[in-house]
Amino acid sequence: MKEFELFLMRHGVAEEWSPEGDRERSLSEEGKARIIQAARGISTLGFKPDEVLVSPYLRARQTCKLVLDGVGLELEPELCSDLIPAASPAETVQRLLSSTAGQVAVFGHNPNITAVVSKLVAGHDVSFFNIRPGTLIHLQIMEPFPFARGPQTPHAVVLGVYPSEVLETIGRGMAQ
């Protein structure tokens, strides 16, 4: 059985628009400050990825860099077009399941990242929740999934869901 940990994070709060288009929307100043604080909280969760995948969109790249810097990791993230907002959740899941790393970190966008979590946990990409900006989802991937029943096979169990506000609170505690 193949097993690995997967951390998926939606980018932080972003500017409403950019004259260069959606791909170049930046994190807002508030979004940057909140991700820096959240990274301190993330450092308490055993976050030590062997592989980092990030959407090529600016706000996801900025979130990734702030988190990696904040936890003290010097990794070169791989730009992954399977993580753009309109990417196919099925293709994104296949890309993630092909990883050979022990722990993978992913930085992306809605609606894709929410649909990917749904597909990994519930076996379908019908989103039954919404991942807010700066939220981190921690999953354990198990392939093949030992508890599979029926045509919609899940691939993961949820180890944790950390909204940005929770990560920031943990981070503030670390700074004291």
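Filter the stretch 118-144 for residues that are aliphatic (A, V, I, L, M) and more than 20 Å from Glu165 (Cα to Cα); which is surrounded by the most Cβ atoms within 10 Å (Cβ to Cβ)?
Of everything passing the filter in the stretch 118-144, Leu120 is surrounded by the most Cβ atoms within 10 Å (Cβ to Cβ).
Report, by residue number, each residue of the stretch 4-25 that is among the hydrophobic types (A, V, I, L, M, F, W, C) and part of a loop (DSSP other than H, G, I, E, B).
Passing the criteria: Val13, Trp17.
Using beta carbons and a limit of 9 Å, which pairs, at least six apart or on different chains, have the first residue in the stretch 107-134 and more than 26 Å from Gly171 (Cβ to Cβ) and the second one among the acidic types (Asp, Glu) and in a loop (DSSP other than H, G, I, E, B)?
Ala115/Asp125; Ser118/Asp125; Lys119/Asp125
Scanning the stretch 94-127 for residues that are of a type in the set (A, V, I, L, M) and farther than 22 Å from Arg61 by Cβ, which turns out modelled with the lowest pLDDT?
Val126
For the subset of the stretch 1-25 comprising residues that are among the small types (Gly, Ala, Ser) and buried (at least 16 other Cβ atoms within 10 Å of the Cβ), which member is farthest from Val161 (Cα to Cα)?
This residue is Ala14.
From (1) touching a residue at least 12 places away in the same chain (Cβ under 8 Å); (2) out of contact with any Leu (no Cβ under 9 Å at 6 or more places or on another chain), pick out the condition that doesn't hold for Phe47.
The single condition Phe47 does not satisfy is (2).
What is the number of the single condition among (1) within 19 Å of Pro77 (Cα to Cα); (2) in contact with a Ser or Thr (Cβ under 6 Å, 6 or more places away or on another chain) that Glu15 does not meet?
Just one mismatch for Glu15, condition (1).
List the strands (runs of 3 or more DSSP E) inside the stretch 97-176, counting only whole elements, that have at least 3 residues being in contact with a Phe, Trp or Tyr (Cβ under 8 Å, 6 or more places away or on another chain) and either small (Gly, Ala, Ser) or under 27 Å from Leu66 (Cβ atoms) (or both).
Correct list: 103-108, 136-143.
Leu53 - would you say it is modelled with pLDDT of 95 or more and buried (at least 23 other Cβ atoms within 10 Å of the Cβ)?
It is true that Leu53 is modelled with pLDDT of 95 or more and buried (at least 23 other Cβ atoms within 10 Å of the Cβ).
The values are calculated or read from the model by the stated rules, or taken from the named source; none is laboratory data. Predicted, not measured: the structure shown is a model, and the values here were computed from it. No Cβ is skipped: glycine too gets one built from the backbone with ideal geometry, and neighbour counts run over all protein chains shown.
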